[in-house]
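Student: Got a structure for you, questions after.
The values are calculated or read from the model by the stated rules, or taken from the named source; none is laboratory data. Keep in mind that what you see is a predicted model, and the values were worked out from it rather than measured. Every residue, glycine as well, gets a Cβ built from its backbone with ideal geometry; the counts of neighbours run over all protein chains shown.
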Amino acid sequence: MLAFLFVDGLGLSDDLRSPLRRLTLPTLRALSGGFGRQPISKSHLAYRPLDARLGVEGLPQSGTGQTALLTGHNAAMLLGHHQGPHPFSKLQKLLQQDSLQVWAVQQGLRVLHANGYRREYLERVRESRRNLLSAFGFAARAANLELLPIEHPKAFLPAFWPGPEAAGERLARTAREHDLTILESWALDYSAHRLPDKLDERFVELDQFLYGFLNASADVTLILSADHGNAEEPWHAQHTLNPVPLVVYGPLARTVYEMQSLTDLAPWLKQQLG
């Protein structure tokens with residue numbers, strides 16, 4: 001059983017102004033060795049800083065970064081540039097063919113895309129002639145997974161949890177009912193771009209969510225990763241060139257090899273689920 005918590009816009013920074021350095025984030029700090037740049041390999045914890053630049057000039061973006069995470073293909077190199085926020089036709093084809101979600105459903109695995117969406121947004125998605133979904137949402141739809149309305153009993157907010165610890169515990173319980181559960185949290189990236197004064201709250205909330213999850217997830221492996229940096233440097237509104245964290249906590253952590261790039265995650269996930 002795997003739970004993949006994707007955190008949009010979370011990079012690693014050594015700058016003392018960073019929320020990663022200023023805030024008390026005990027769970028995130030323990031999972032990452034203090035947000036360091038050195039890999040950690042233990043029986044129940046693997047931590048790897050991953051390159052998000054993908055060998056392409058410019059600032060990493062969500063469309064190409066998320067597609068790389070989900071397919072194992074260097075989406076930015078394929079296009080010759082970073083692209084975001086939504087995947088366009090070439091990236092859509094990759095996601096339809098090789099995304100983790102499509103592959104897992106083809107294997108007969110129980111897969112849940114746990115994000116809840118407002119009904120009016122789902123209506124816009126259905127009616128629009130262009131893609132309005134992130135790579136994670138697009139891959140879920142390509143795999144014929146249900147995009148859940150926010151009031152669905154299995155749906156989760158991307159953050160803004162009234163009780164983050166309880167929400168984390170609930171995700172751990174939900175993950176026990178599926179082979180692969182994916183939750184896309186976009187609140188850090190959103191806050192860094194639009195609500196920087198709320199960013200510290202989102203970091204603390206995420207830390208508490210993870211604490212709740214880990215306290216309830218002895219038999220579920222947690223994967224946490226990101227597509228690009230942003231929220232770790234809130235003194236500007238741009239994405240960053242920083243590496244992003246990969247955390248694997250739980251029974252499968254011992255199988256994690258020396259990953260270095262966003263493209264390394266999907267092949268390992270497929271190997272473990274297969």
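Student: Within segment 34-53, how many residues are among the small types (Gly, Ala, Ser) and at pLDDT below 95? Don't jump to the end; show me each part of the working.
Tutor: Residues of segment 34-53 that are among the small types (Gly, Ala, Ser), as a first pass: 34, 36, 41, 43, 46, 52.
Still in the list and also at pLDDT below 95: 34, 36, 43.
So the count comes out to 3.
Student: Quick check: is even one residue across segment 54-68 over 21 Å from THR221 (Cα atoms), at pLDDT below 95 and part of a loop (DSSP other than H, G, I, E, B)?
Tutor: Among the residues of segment 54-68, not one is over 21 Å from THR221 (Cα atoms), at pLDDT below 95 and part of a loop (DSSP other than H, G, I, E, B), which makes the answer no.
Student: Now a separate question. Just for segment 69-101: of the residues that are among the hydroxyl-bearing types (Ser, Thr, Tyr) and part of a helix (DSSP H, G or I), which one is surrounded by the most Cβ atoms within 10 Å (Cβ to Cβ)?
Tutor: THR71
Student: Could you tell me which of the residues ASN242, ASN230 is farther than 21 Å from PHE160 by Cβ, buried (at least 19 other Cβ atoms within 10 Å of the Cβ) and touching a residue at least 24 places away in the same chain (Cβ under 8 Å)? Let's see the steps before the verdict.
Tutor: On the way: ASN230 fails: farther than 21 Å from PHE160 by Cβ.
None of the other options fit; the residue is ASN242.
Student: Now for a separate question. Quick one: what pairs do we get from segment 67-96, first residue under 17 Å from ARG141 (Cβ atoms), second of a type in the set (Asp, Glu) and assigned to a helix (DSSP H, G or I), C-beta under 7 Å, 6+ apart or different chains?
Tutor: Cβ pairs passing all conditions: THR71/ASP98.
Student: Restricting attention to helices (runs of 4 or more DSSP H) lying wholly within segment 131-198, give those where 1 or more residues are at pLDDT 95 or above, of a type outside the set (Lys, Arg) and over 17 Å from the mean Cα position of the chain (by Cα).
Tutor: Passing ranges, in order: 135-142, 164-175.
Student: Being over 16 Å from LEU214 (Cα atoms), touching a helix residue (DSSP H, G or I) at 6+ places or on another chain (Cβ under 6 Å) and surrounded by fewer than 19 Cβ atoms within 10 Å (Cβ to Cβ) is the filter here; which residues of segment 19-53 pass it?
Tutor: The answer is LEU23, and nothing else.
Student: Here are some residues: GLU184, GLU205. Which one is within 20 Å of VAL248 (Cβ to Cβ) and either buried (at least 19 other Cβ atoms within 10 Å of the Cβ) or among the aliphatic types (A, V, I, L, M) (or both)?
Tutor: When all the criteria are applied, what remains is GLU184.
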